[in-house]
Amino acid sequence: MSLLDIDVREKAFGKTIVLHDIKLSLENGQAAVLLGPSGCGKSTLLRIAAGLDKQFSGSVSVKTGHDGNAKSPPVAFVFQEPRLMPWLTVAQNIGFADGGKFDTARVNGLIADVGLTGHAATLPKALSGGMAQRVAIARALYTEPRILLLDEPFSAVDAFTRMKLQDLVLKLVEQRGISFLLVTHDIDEALYLGDRIYMMGAGDGGIQHDLSVDVARPRDRRAARLAELKSDVLTALQAAHVI
Amino acid sequence: MTLSTHEFRGEAQDKTTALRRPVGTVSGFAARIASLDLRGAIVPVGALALLELFVRMGWVSPYVLPPPSDLYTTFLYLAEGPLWTNIGASALRVLIGFAFGSLLAIVVGSIVGLWYSAERYLEPSFQALRAVPSLAWVPLLMIWFGIGETSKIVLIAKSAFFPVYLSLFSGIRNVDRKLVEVGEMYRQPLPVLVWRILIPASLPHLFTGLRYGLSLAWLSVVAAELLAASEGIGYMLSDGRELSRPDLVLIAIICLAILGKISDSLFKLIEDRCLSWRDSYSTAIGGRPA
Ligand SMILES: Nc1ncnc2c1ncn2[C@@H]1O[C@H](COP(=O)(O)OP(=O)(O)O)[C@@H](O)[C@H]1O
Ligand SMILES: [Mg+2]
């Protein structure tokens with residue numbers, strides 16, 4: 001059994017079927033990327049995986065840790081928007097899972113890890129988009145999850161910030177041995193972050209194609225192999241009539 | 001960003017005053033007086049000056065509109081006697097009625113806001129009740145509670161209830177689903193979600209309702225006292241009418257204006273403290289001279 005097994009037979013909103021016969025699994029230590037055009041149901045699939053959406057037919061199974069800690073769920077979510085509580089400071093937002101009595105040492109460690117030292121008492125309104133997303137990443141890591149689900153987490157920031165945040169997530173996830181499933185519509189991002197890429201077609205096309213990224217880490221964004229794989233991806237997407 | 005520059009500026013000011021401590025106190029006070037924004041005073045002061053002029057010129061009879069100088073004499077006379085008792089009586093009624101009404105509204109508003117079937121049962125009746133003007137209840141309240149304090153306080157509480165209830169209800173219903181989802185992600189049970197997300201997120205709405213409820217509470221205290229009372233600002237008003245003393249009426253009106261303004265400003269102060277996290281247009285221009 002894998003760390004995370006998703007098997008969605010059908011997911012519909014009213015009469016429109018959004019997802020149909022989708023099987024996806026995440027292995028321990030793996031970085032999986034779900035690539036697809038806007039509106040193909042990526043967010044819906046990820047919300048199902050997170051247990052936020054239970055109105056579907058099929059099953060999701062998460063292998064719980066050996067300690068079986070029921071209090072902290074083994075899955076954490078980073079949303080497309082930071083979704084910080086505007087009335088809480090950076091530190092309080094990061095420790096949100098534990099409310100008022102959060103673990104200060106762990107929060108301070110995370111603040112340093114995401115590069116926000118000195119901003120513990122800052123309110124979200126004074127943060128830039130990139131800083132806010134760093135807080136959201138730290139908040140997801142606070143519960144010490146084994147699986148991280150990320151829904152287009154860098155799509156709202158500029159290209160330079162995006163590259164920095166990608167490297168940050170890779171570093172933090174590697175340090176902690178976390179597996180992640182990331183959703184994106186950016187081919188370069190998929191190739192840079194993923195060990196395995198699942199491509200979704202438009203409509204309820206399901207997963208059209210998947211490929212392994214056989215490039216060692218740390219990767220160089222300019223690597224020739226990545227460019228080759230990008231042309232493979234484009235070919236596959238063209239075959240699936242996505243582009 | 002504005003927050004951090006603000007804090008920085010505040011620190012710098014503290015340092016300079018600390019350095020000039022020996023002479024700083026006097027100049028600091030003078031600076032505070034000089035920095036007072038007096039533009040809001042231009043209209044009332046101008047109106048008073050014009051009024052005085054009109055009466056002095058004989059264009060308006062002092063029996064219709066007493067000049068401000070007469071008002072001042074009446075005020076000095078009242079200030080030695082019943083004025084403070086009347087103000088105190090009205091303020092106490094407003095305070096008690098508003099406290100009861102808004103507390104009840106917070107309880108009921110939370111229940112109806114959170115519990116959809118409670119909305120189905122209660123909301124239609126509330127909408128119908130809301131359509132009845134507050135004053136229509138007065139005869140019934142008098143039959144039930146007599147003409148004493150209870151009927152007045154119930155009337156005030158009833159007036160304060162609806163704006164607070166409505167704003168809290170819509171506040172809870174308008175909480176961003178995306179924020180609630182963050183709590184659901186951590187498997188937080190409903191009471192925790194309510195306490196950590198729904199209540200703080202609906203505070204801005206609630207404060208709007210509380211301030212409006214407070215203004216309605218002042219409105220109904222006057223109505224209640226006009227009908228039957230032996231003290232209070234509304235009593236001053238009816239007293240002035242019976243004695244044909246427009247100066248008494250005007251003093252009562254000025255008192256109401258000042259009291260309403262003071263209580264609203266106090267509330268605004270609390271609101272600004274509680275909601276300093278808001279990143280809205282009003283907080284953005286708050287610190288800047290317009
Ligand atoms: N709550 C909802 N109600 C109705 N339709 C929805 C809802 N959420 C998503 N959809 C529809 O499902 C489809 C997939 O949406 P989504 O998963 O957000 O796509 P993606 O994240 O890939 O852009 C879209 O066509 C969208 O209109
Ligand atoms: Mg999406």
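The values are calculated or read from the model by the stated rules, or taken from the named source; none is laboratory data. Keep in mind that this is a model prediction, so the values were computed, not measured. When we count neighbours, we look across all protein chains shown, and the Cβ atoms used for this are built from the backbone with ideal geometry, even at glycine. With ligands, DNA and RNA removed, areas are computed over all heavy atoms of the protein, side chains included. Shrake-Rupley method; radii C 1.70, N 1.55, O 1.52, S 1.80 Å.
Output the residues of the range A:33-67 meeting this criterion: accessible area (heavy atoms, 1.4 Å probe) in the chain alone minus accessible area with all protein chains in place is 40 Å² or greater.
Those residues are A:Leu52.
Computing the accessible area with a 1.4 Å probe over protein heavy atoms, can you report the carbon and sulfur percentage for the range B:68-277?
Working: 7720 of 10870 Å².
For the range B:68-277, the apolar C and S fraction of the accessible surface comes to 71 percent.
Quick one: longest stretch of chain B between exposed loop chymotrypsin sites (Phe, Trp or Tyr not before Pro), exposed meaning at most 14 other C-beta atoms within 10 Å and loop per DSSP?
Segment B:116-290 is the longest.
Taking the protein assembly as shown, how much of its Cα-Cα pair set, in percent, is spaced more than 41 angstrom apart?
45 percent
So what does B:Val132 come to for accessible area, using a 1.4 Å probe and Å² rounded to 10?
Rounded to the nearest 10, the figure is 50 Å².
Output needed: percent of Cα pairs per 10 Å distance bin for the range B:80-119, bins running from 0 to the one holding the longest distance.
Computed distribution, short to long bins: 28, 28, 21, 14, 8, 2.
Once the Cα atoms of the range B:68-277 are picked out, what are the Rg and Dmax in Å?
Both quantities, over Cα of the range B:68-277: 20.5, 69 Å.
So what does the Cα-only Debye profile of the range B:155-249 read at q = 0.18 Å⁻¹, as log10 I(q)/I(0), no solvent term?
Reported log10 I(q)/I(0), two decimals: -0.81.
Whole-Hz ³J(HN,Hα) for each residue in the range A:173-188, computed from phi via Karplus 6.51 cos²θ - 1.76 cosθ + 1.60 with θ = phi - 60°, x for glycine and proline: what do you get?
Karplus-based 3J(HN,Hα) across the range A:173-188 equals 5, 5, 3, 9, x, 8, 8, 9, 10, 10, 9, 7, 10, 9, 5, 4 Hz.
For B:Lys178, list the aspartates and glutamates whose Cα falls under 14 Å from its own Cα; do not include residues on the same chain fewer than 8 positions away.
B:Lys178 reaches A:Asp53, A:Glu81, A:Asp151.
As a test of the formula, what do you get for chain A when each DSSP H run with n ≥ 4 contributes -39,500 (n - 2.57) and the sum is divided by the residue count, at 222 nm and rounded to the nearest 500 deg cm²/dmol?
Mean residue ellipticity at 222 nm (helix-derived): -10000 deg cm²/dmol.
Mind checking how much accessible area A and B bury in total, 1.4 Å probe, in Å² rounded to 100? Write out the running numbers ahead of the final one.
Values: alone 11830 and 18970 Å², together 28570 Å².
Approximately 2200 Å², summed over both chains.
Just tell me how shielded B:184-190 is by partners: mean number of partner chain Cβ atoms within 10 Å of each residue's Cβ, no decimals.
Average per residue, whole number: 6.
Per residue and in cubic angstrom, what volume does the convex hull of the Cα atoms of the range A:1-88 have?
Residue-normalised Cα hull volume stands at 146 Å³.
For the range A:1-149, how big is Rg over Rh, using alpha carbon atoms and the Kirkwood form of Rh?
On the Cα set of the range A:1-149, Rg over Rh gives 1.01.
State the percent of C-alpha pairs, over all pairs in the range B:187-229, separated by a distance greater than 15 angstrom.
The share of Cα pairs beyond 15 Å in the range B:187-229 comes to 61 percent.
Just to verify a number: what accessible area does B:His205 come out at with the full protein assembly present, 1.4 Å probe, Å² rounded to tens?
My reading of the accessible area for B:His205 is about 70 Å².
Scan around A:Gly201 for amide H atoms under 5 Å from its own, H built in the peptide plane at 1.01 Å from N, and keep only partners 5 or more places away or cross-chain.
Placed amide hydrogens put A:Gly206, A:Gln208 under 5 Å from A:Gly201.
Exposed loop sites here are trypsin sites (Lys or Arg not before Pro) in DSSP loop states with at most 15 other C-beta atoms within 10 Å. What is the longest stretch of chain B lacking them?
Counting at most 15 other Cβ atoms within 10 Å as exposed, the longest clean stretch of chain B is B:21-186.
Quick check: the distance between the Cα centres of the range A:183-243 and the range B:199-248, to the nearest angstrom?
Each part's Cα centre sits 69 Å from the other's.
Could you size up the charge dipole of the range B:68-277 around its Cα centre, putting +1 on the beta carbon of Lys and Arg and -1 on that of Asp and Glu, and report it in debye to the nearest 20?
720 debye
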